[in-house]
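Student: Here it is, the structure, as structure tokens.
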Amino acid sequence: MLFDMDGTLVDSEKLWDVVLVELAAHYGAVLSEAARHAIVGTSMATAMQLLHTDIGQPWRDPQRSAAWIDQRILELFRGGLQWRPGAMELLAAVRQAGVPTALVTSSGRQLVEVALDTLGRESFDAVVCGDEVDATKPHPEPYLRAARLLRVPIGECVAIEDSPTGVRSALAAGATVLHVPAGAAVEAIQGVHLRGSLTGVDLAVLAELHATR
């Protein structure tokens, strides 16, 4: 079982919204809604490139901007995270059943360690962070690495994602993919199962999705 983090397990996308808007304001600009949607699920490097371009300041140092983002989002994460609907129950059911489980996120290790205070370190057999892979989502490498760490063929895994970027990563890797969008924008992707939330999703539902991939 492969879980994305931001927007899938925890309702943290709104915190990223806050921080990205704050950074744009710090630079005396306003981030467009289109750019914010494009940033969802991307790596930090890509996110900063998109933000700088959107606010008309492509000359900005992406590493300095990323450091600003990291410090501010850590402050917000430490203030507490809320579970997405149905996520806590599903993760608990998966663990109780003894299903090998990995967290696969584009967020960096420092931020993930804070999030694990909410998610529970015992909830995952493996954790793959965005700053620990050579290629981030939408590249398939994060999900392929997670499957290797679990010692489970990727074709036997179900991945749950909220963003089109993450969905493409999991699909390219070869997993069965459940797309549970956290925002208003929904991109229909062939071969991907779509649900409005994780409420009511259990092991039987996941097994059925995998059987009809």
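The values are calculated or read from the model by the stated rules, or taken from the named source; none is laboratory data. These figures come from a predicted structure and were not determined experimentally. Counting neighbours? That spans all protein chains shown, and the Cβs are built from the backbone with ideal geometry, glycine included. SASA here: full protein model, heavy atoms, side chains in, ligands and nucleic acids out. Shrake-Rupley method; radii C 1.70, N 1.55, O 1.52, S 1.80 Å.
Student: Free of Cβ contacts under 8 Å to residues at least 40 places away in the same chain, within 28 Å of Val127 (Cβ to Cβ) and not hydroxyl-bearing (Ser, Thr, Tyr), is that true of Glu75?
Tutor: Working: free of Cβ contacts under 8 Å to residues at least 40 places away in the same chain: yes; within 28 Å of Val127 (Cβ to Cβ): yes; not hydroxyl-bearing (Ser, Thr, Tyr): yes.
Spelling it out, Glu75 is indeed free of Cβ contacts under 8 Å to residues at least 40 places away in the same chain, within 28 Å of Val127 (Cβ to Cβ) and not hydroxyl-bearing (Ser, Thr, Tyr).
Student: Going by the structure shown, is Val19 part of a loop (DSSP other than H, G, I, E, B), β-branched (Val, Ile, Thr) and more than 22 Å from Ala173 (Cβ to Cβ)? Give the steps one after another, and end with the answer.
Tutor: Working: part of a loop (DSSP other than H, G, I, E, B): no; β-branched (Val, Ile, Thr): yes; more than 22 Å from Ala173 (Cβ to Cβ): yes.
So Val19 does not fit the description; no.
Student: Anything in the range 151-164 that is open to solvent by 20 Å² or more (accessible area, probe 1.4 Å) and in contact (Cβ under 8 Å) with a residue 60 or more places away in the chain? List them, or say none.
Tutor: Pro164, the sole residue that qualifies.
Student: Limited to the range 14-39, what total is found for residues that are under 15 Å from Gly130 (Cβ atoms) and either open to solvent by less than 30 Å² (accessible area, probe 1.4 Å) or not hydrophobic (A, V, I, L, M, F, W, C) (or both)?
Tutor: Quick first cut of the range 14-39, residues under 15 Å from Gly130 (Cβ atoms) only: 16, 39.
Still in the running and either open to solvent by less than 30 Å² (accessible area, probe 1.4 Å) or not hydrophobic (A, V, I, L, M, F, W, C) (or both): 39.
Residues in the range 14-39 being under 15 Å from Gly130 (Cβ atoms) and either open to solvent by less than 30 Å² (accessible area, probe 1.4 Å) or not hydrophobic (A, V, I, L, M, F, W, C) (or both): 1 in total.
Student: Of the numbered conditions (1) of a type in the set (A, V, I, L, M); (2) modelled with pLDDT under 95; (3) assigned to a helix (DSSP H, G or I), Leu144 satisfies every one except a single condition; which is it?
Tutor: The number of the failed condition is (2).
Student: Can you go through Val30, Val40 and tell me which one is touching a residue at least 24 places away in the same chain (Cβ under 8 Å), under 24 Å from Arg145 (Cβ atoms) and not small (Gly, Ala, Ser)? Walk me through how you get there before you give the answer.
Tutor: Numbers: Val30 fails: under 24 Å from Arg145 (Cβ atoms).
Just one listed residue meets the conditions, Val40.
Student: (1) assigned to a helix (DSSP H, G or I); (2) among the polar types (S, T, N, Q); (3) open to solvent by 10 Å² or more (accessible area, probe 1.4 Å); (4) at pLDDT 95 or above: which one isn't true of Gln71, the others all being true?
Tutor: (4)
Student: For Leu51, state whether it is touching a residue at least 40 places away in the same chain (Cβ under 8 Å) and on the phi < 0 side of the Ramachandran plot. So that I can check it myself, show each step before the final result.
Tutor: Values: touching a residue at least 40 places away in the same chain (Cβ under 8 Å): no; on the phi < 0 side of the Ramachandran plot: yes.
The answer is no for Leu51.
Student: If the requirement is being closer than 20 Å to Ala47 by Cβ, within 13 Å of the chain's Cα centre (by Cα) and either surrounded by 20 or more Cβ atoms within 10 Å (Cβ to Cβ) or of a type outside the set (Ser, Thr, Tyr) (or both), which of these qualifies: Val180, Val167, Val127? Give the steps one after another, and end with the answer.
Tutor: On the way: Val180 fails: closer than 20 Å to Ala47 by Cβ; Val127 fails: closer than 20 Å to Ala47 by Cβ.
After applying the criteria, what remains is Val167.
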